[in-house]
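Following: one structure in structure tokens, then a few remarks.
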Amino acid sequence: MLPVPQLRRLRVDRFLTQEDLAQQSGVAVATIHRLESQLPARLSTIKRLATALGVEPSALTAPATTERVAAPGQQSAAASVTRRRPCPSERTQGRAEIG
């Protein structure tokens, strides 16, 4: 039996409820709830969940990270950050007036 620390993140990144994932994987909602509470899973359960999530089983068992990874076809949070344009006073600040 193995822990599946990435299960909740992968499920949420795909906008799935526990009920949705249970229906798609054939794994009971109660089991998904327990696994997301850090209880270990059987390899057969990990394979079913991985198939339903469209990932390799190793993606579920990878150590938890603080960086969020975007779901397939979605932009990562880091890539969606936009830079603020400076306001006019910031653009001319420190420049000598020409005149």
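The values are calculated or read from the model by the stated rules, or taken from the named source; none is laboratory data. As the structure is a prediction and not an experimental result, all values here were calculated from the model. Every residue, glycine as well, gets a Cβ built from its backbone with ideal geometry; the counts of neighbours run over all protein chains shown.
Thr17 meets the conditions (1) modelled with pLDDT under 95; (2) farther than 18 Å from Thr61 by Cβ; (3) not small (Gly, Ala, Ser) in every case but one. The failed one is (1). Checking Thr61, Thr31, Thr92, Thr82 one by one, the residue that is at pLDDT below 95 and in contact with a strand residue (DSSP E or B) (Cβ under 9 Å, 6 or more places away or on another chain) is Thr61 and no other. Looking across segment 1-51 at every residue that is small (Gly, Ala, Ser) and more than 17 Å from the chain's Cα centre (by Cα), the one that is surrounded by the most Cβ atoms within 10 Å (Cβ to Cβ) is identified as Ala41. The residue pairs whose first member lies in segment 21-41 and is of a type in the set (Lys, Arg), whose second member is in a helix (DSSP H, G or I), and whose beta carbons are closer than 7 Å, counting only pairs six or more residues apart or on different chains, do not exist in this structure.
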